[in-house]
Each structure stands twice: as C-alpha cells, then as structure tokens.
Amino acid sequence: MGGKNPAIVCAGADLEAATDGVLKSAFGLQGQKCSACSRIYVHRSVAKQFTGMLAEKIGKITIGDPVKKENWLGPVINKEAFDKYATYVDIGRKDGRILAGGEQLKGEPYDHGFFVKPTLIAGLPKDHRLAHDEMFLPITCLWEVDSLDEALELANRTEYGLTAGLFSSDDAEIGKFFDRIEAGVVYVNRRAGATTGAWPGINPFGGWKGSGSSGKASGGPYYVTQFMREQSRTLIRG
C-alpha cells in the first residue's frame, strides 16, 4: 500500500490550517508512513505566502531523541534511509530549490541515530522523478498551479492512489475534488494531517491503483466479504 500522496491548496484556503496540515502529514513519524504528504500543489496566487509560512514552520521543528518530549522529529530508520535522503536532496538541489532543510545532522547529540532535517523542495519540473518516487522520508515537494483542474490532473498522474487532501473554502471546489481525485482515503481541510490520520473504526483505510490490490478498504463494510466464499445454489424439484 505505497503512496505518493498529494495535498492541494486552493486560492481561498485557510493557509494556517493548510500549512499545519501539510507539515504534520509530511513530517510526522519522519515521513516514514505510507500516507505521508509528499506532493503539494498550491494555487499560484497564494503560493508565495503559503511557501513562506510552511518553510518558517519547518524551521521550528525540534529534532533529536524522540524519547525526550521536547523533540518532535526523531531519526530515520537506518543508514540506508539516511543515504537515500542524501541522494534525493542532491537531486532536488540540482533540479530545483531547497526551501527548507536538506541537511544530514552529525555530531552530538545526533551520533546515536540517523538524523536529518525535514525538507521542502520546489522548482522541479512537474513530471520530475521526485513527483513519482515514493521516498518514505521527511521530504516533500511543492509545485505551483493555475487551477484546481490542473492540480487534480497532476495529483492523479501517478501509479499510486492511497490518500489525498484538499484545502478550500469553496463548496464547488470541494465537490470537484471528491468526485475526481483518485485515492482511497481523502480529506478536506484537515489541519491535524493533510493526507494522513485515518481514525480506526471511523475511516476505512485502503487505496486505489497501485496502492492496493482489491479496492476494498480495511475496516469498511465491504472488506470482510473478501474472506468469505461465495456459493451459487441451484435446486430443481421434480
């Protein structure tokens, strides 16, 4: 159930809620979750303000031993992930712009784990590999768009379809998002996590396309039937 989950930010969005939602979704658990927000499509008219707010909030994230309450971001899981982070950051720096983060942390107190800075990348071509690769790291990429239609087309241009999010104050935009987004779990205006945070017992969890094999969401009303056997019975009475 991999994902390359997009968040779409419309012109009329609450940018405080949108930046909080993207930050928590992209970097919670170090981005090492299938539902992490790894793509952001923001309307050009609010892109500068949104980007500045998000970069500022990323810069305030505390990094360190997650056992200590004051640290919000812990280490990535192993050296392979640590090295992969460096590779993707180098690609992002070469082909785009690093707006926040982009550093591996070494020296005390970071010598007892694989610590990196949460990273925001912009300025990449819209079909760049970082728009398609599932990184499973605290890295998210941002693109400016001119319309919700363009954002939806780009959001759906992936083999994955696990989760997605929208920030908008317009009912027509919200309806269009729900009708056209290709993902199994979708959220609108979720400040606690733009593309992540399904509640057990409330939000059935499952993906479309390459993010699932059955199309049925775990915990949903149609899920249990996959484990039942169907029998077609015919009885002819003489």
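FYI, it's all coordinate maths here, none of it is from the lab. No experiment lies behind these values; they were computed from the predicted model shown. A quick note on method: Cβ atoms are made from the backbone with ideal geometry, for glycine too, and the neighbour counts reach across all protein chains shown.
What tally of residues in the stretch 190-238 results from selecting those that are basic (Lys, Arg) and within 19 Å of the chain's Cα centre (by Cα)? Show your work before the answer.
Let us first name the residues in the stretch 190-238 that are basic (Lys, Arg), namely 190-191, 209, 216, 229, 233, 237.
The next check asks that each one be within 19 Å of the chain's Cα centre (by Cα); those that pass are 190-191, 209.
Counting residues in the stretch 190-238 that are basic (Lys, Arg) and within 19 Å of the chain's Cα centre (by Cα) gives 3.
List pairs: first residue in the stretch 2-25 and in contact (Cβ under 8 Å) with a residue 40 or more places away in the chain, second residue charged (D, E, K, R) and in a strand (DSSP E or B) anywhere in the structure, Cβ distance under 6 angstrom, at least six positions apart or on different chains.
Between residues of the stretch 2-25 that are in contact (Cβ under 8 Å) with a residue 40 or more places away in the chain and residues that are charged (D, E, K, R) and in a strand (DSSP E or B), the close pairs are PRO6/ARG39.
For residues that are part of a loop (DSSP other than H, G, I, E, B) and closer than 13 Å to GLY165 by Cα, tally how many sit in the stretch 4-20. Lay out the reasoning, then the answer.
Going residue by residue through the stretch 4-20, those that are part of a loop (DSSP other than H, G, I, E, B) are 4, 10-14.
Restricting the remaining residues to those that are closer than 13 Å to GLY165 by Cα gives 4, 10, 13.
Number of matching residues: 3.
Suppose we filter ASP83, ASP133 for residues that are under 19 Å from GLY31 (Cα atoms), among the acidic types (Asp, Glu) and within 17 Å of the chain's Cα centre (by Cα); which single one remains? Show your work before the answer.
Numbers: ASP83 fails: within 17 Å of the chain's Cα centre (by Cα).
Sole residue among the options that is under 19 Å from GLY31 (Cα atoms), among the acidic types (Asp, Glu) and within 17 Å of the chain's Cα centre (by Cα): ASP133.
Which is surrounded by 17 or more Cβ atoms within 10 Å (Cβ to Cβ), within 13 Å of the chain's Cα centre (by Cα) and over 30 Å from ASN71 (Cα atoms), of TYR187, TYR160?
On the way: TYR187 fails: over 30 Å from ASN71 (Cα atoms).
After ruling out the rest, the residue left standing is TYR160.
Output the residues belonging to the stretch 63-76 that are exposed (fewer than 15 other Cβ atoms within 10 Å of the Cβ) and either out of contact with any Gly (no Cβ under 7 Å at 6 or more places or on another chain) or touching a residue at least 24 places away in the same chain (Cβ under 8 Å) (or both).
ASP65, VAL67, LYS68, LYS69, GLU70
Does the stretch 112-127 contain any residue that is more than 19 Å from the chain's Cα centre (by Cα) and surrounded by fewer than 19 Cβ atoms within 10 Å (Cβ to Cβ)?
Initially, the stretch 112-127 is screened for residues more than 19 Å from the chain's Cα centre (by Cα), giving 112-115.
Okay, now just the ones that are also surrounded by fewer than 19 Cβ atoms within 10 Å (Cβ to Cβ), so 112-113.
Yes - at least one qualifying residue is present in the stretch 112-127.
Six or more apart or on different chains, Cβ under 7 Å: which pairs go from a residue in the stretch 28-56 that's on the phi > 0 side of the Ramachandran plot and among the hydrophobic types (A, V, I, L, M, F, W, C) to one that's surrounded by fewer than 19 Cβ atoms within 10 Å (Cβ to Cβ) and in a helix (DSSP H, G or I)? Could you list them?
Correct list of pairs: empty, since none qualify.
With the requirement that a residue be surrounded by fewer than 19 Cβ atoms within 10 Å (Cβ to Cβ), assigned to a loop (DSSP other than H, G, I, E, B) and hydroxyl-bearing (Ser, Thr, Tyr), what does the stretch 190-232 give you?
Selection gives SER213, SER214, TYR222, TYR223, SER232.
Select from the stretch 132-186 the residues that are touching an Asp or Glu at 6+ places or on another chain (Cβ under 9 Å), of a type in the set (Gly, Ala, Ser) and not in a loop (DSSP other than H, G, I, E, B) and write down the one among them that is farthest from THR51 (Cα to Cα).
Among those that are touching an Asp or Glu at 6+ places or on another chain (Cβ under 9 Å), of a type in the set (Gly, Ala, Ser) and not in a loop (DSSP other than H, G, I, E, B), it is GLY161.
Yes or no: GLU144 touching a residue at least 12 places away in the same chain (Cβ under 8 Å) and closer than 30 Å to ASN78 by Cβ? Walk me through how you get there before you give the answer.
Numbers: touching a residue at least 12 places away in the same chain (Cβ under 8 Å): yes; closer than 30 Å to ASN78 by Cβ: no.
No, not satisfied.
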